[in-house]
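Down below is the structure, laid out as structure tokens.
The values are calculated or read from the model by the stated rules, or taken from the named source; none is laboratory data. This is a predicted model, so every value here is computed, not measured. Here the Cβ positions follow ideal geometry from the backbone for every residue, glycine too, while neighbour counts run over all protein chains shown.
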């Protein structure tokens with residue numbers, strides 16, 4: 001039994017699966033309690049693996065933050081406290097005494113989509129995670145590209161202005177939530193977006209798609225602004241790596257085709273003429289299981 005674990009800024013996922021086929025057999029999903037920090041996540045991992053009542057053969061982990069993939073030491077987490085300099089690989093091996101592979105969650109997602117998702121027919125696949133943060137991963141000929149530790153392809157930290165705006169600050173799920181939240185008080189009570197969000201005070205971006213489907217003008221405007229910022233950031237990816245395909249994953253990507261089409265349309269205007277129209281833009285096929293599938297793939301790649 002192989003185990004895949006995704007440790008993110010807002011969720012923890014643990015699964016059993018087959019590394020050879022990328023198949024998930026059992027899946028356990030939990031919300032991360034920021035107040036409990038890293039220790040709360042580690043306790044949940046231990047409890048879940050104990051409840052399986054079966055010894056794992058190998059464990060692959062996709063972690064949401066920069067790390068040393070060679071030693072399995074976490075550099076930091078930008079969302080959850082308690083991870084800085086934590087020797088995660090050592091912690092896991094002390095408890096389970098099995099092979100352990102750890103990489104950034106965006107790298108795991110990139111590998112999963114490149115091998116078993118929408119990128120499987122392409123040689124050069126770039127994956128961008130649009131979640132609580134923004135991460136990136138590059139796969140070339142079915143193998144992850146690695147830079148000098150503790151990371152690479154950190155597209156979320158691209159500075160889009162000299163005054164500090166980054167791709168993550170503009171295009172993360174949390175950034176989109178905050179923008180919607182700030183606009184809601186000024187909206188008419190009958191506005192579809194305001195009615196859909198209602199009393200919800202978190203994850204407001206998940207209501208953007210149904211509002212767009214109801215022809216809400218503000219929702220459409222928000223999508224186009226978001227897509228334009230994302231296309232501007234991805235133009236740097238195209239100029240540096242020129243991948244065959246850019247795959248969008250993470251919670252925001254669940255907007256689906258409206259987002260994909262808007263980014264595909266906006267991207268060419270930010271590219272030099274010889275690079276136009278640019279890479280194909282696609283939405284991840286593996287959806288919320290993408291990091292888990294990639295974590296399984298890491299065990300045999």
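Below, the figures for the structure above:
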read-out: Residue that is nearest to residue 134 (Cα to Cα) [pool: residues in the stretch 70-83 that are touching a strand residue (DSSP E or B) at 6+ places or on another chain (Cβ under 7 Å) and surrounded by fewer than 21 Cβ atoms within 10 Å (Cβ to Cβ)]; value: 75
read-out: Among the residues listed as 294, 251, the single one being at pLDDT below 95, touching a strand residue (DSSP E or B) at 6+ places or on another chain (Cβ under 8 Å) and under 18 Å from residue 156 (Cβ atoms); value: 251
read-out: Of all residues in the stretch 184-194 being under 28 Å from the mean Cα position of the chain (by Cα) and free of Cβ contacts under 8 Å to residues at least 24 places away in the same chain, the one that is surrounded by the most Cβ atoms within 10 Å (Cβ to Cβ); value: 194
read-out: In the stretch 1-22, the residues that are farther than 19 Å from residue 103 by Cα and modelled with pLDDT of 95 or more; value: 21
read-out: Complete set of residues in the stretch 78-107 that are part of a strand (DSSP E or B), touching a helix residue (DSSP H, G or I) at 6+ places or on another chain (Cβ under 8 Å) and farther than 16 Å from residue 12 by Cβ; value: 100, 101, 103
read-out: Contacts under 9 angstrom Cβ, first residue in the stretch 241-266 being assigned by TED's automatic domain parsing to the domain that holds residue 293, partner at pLDDT 95 or above and part of a loop (DSSP other than H, G, I, E, B), 6 or more apart; value: none
read-out: Some residue of the stretch 85-102 being within 15 Å of the chain's Cα centre (by Cα), surrounded by fewer than 19 Cβ atoms within 10 Å (Cβ to Cβ) and touching a residue at least 40 places away in the same chain (Cβ under 8 Å); value: no
read-out: Restricting the stretch 146-174 to residues that are surrounded by fewer than 16 Cβ atoms within 10 Å (Cβ to Cβ) and free of Cβ contacts under 8 Å to residues at least 40 places away in the same chain, the residue that is farthest from residue 222 (Cα to Cα); value: 148
read-out: Of residues in the stretch 115-150 being in a strand (DSSP E or B) and under 13 Å from residue 244 (Cβ atoms), the one nearest to the chain's Cα centre (by Cα); value: 127
read-out: Positions within the stretch 153-181 being at negative phi, assigned to a loop (DSSP other than H, G, I, E, B) and more than 15 Å from the chain's Cα centre (by Cα), in sequence order; value: 158, 160, 161, 162, 163, 165
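One line per residue, one yes/no per condition, for (1) free of Cβ contacts under 8 Å to residues at least 24 places away in the same chain; (2) crowded, with 17+ Cβ neighbours inside 10 Å; (3) farther than 18 Å from residue 300 by Cα; (4) touching a helix residue (DSSP H, G or I) at 6+ places or on another chain (Cβ under 6 Å):
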residue	(1), (2), (3), (4)
20	no, no, no, no
41	no, yes, yes, no
55	no, no, yes, no
64	no, yes, yes, yes
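Residue by residue, here is whether (1) crowded, with 22+ Cβ neighbours inside 10 Å; (2) in a helix (DSSP H, G or I) holds:
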residue	(1), (2)
215	no, no
221	no, yes
225	no, yes
229	no, yes
232	no, yes
236	no, yes
239	no, yes
243	yes, no
248	yes, no
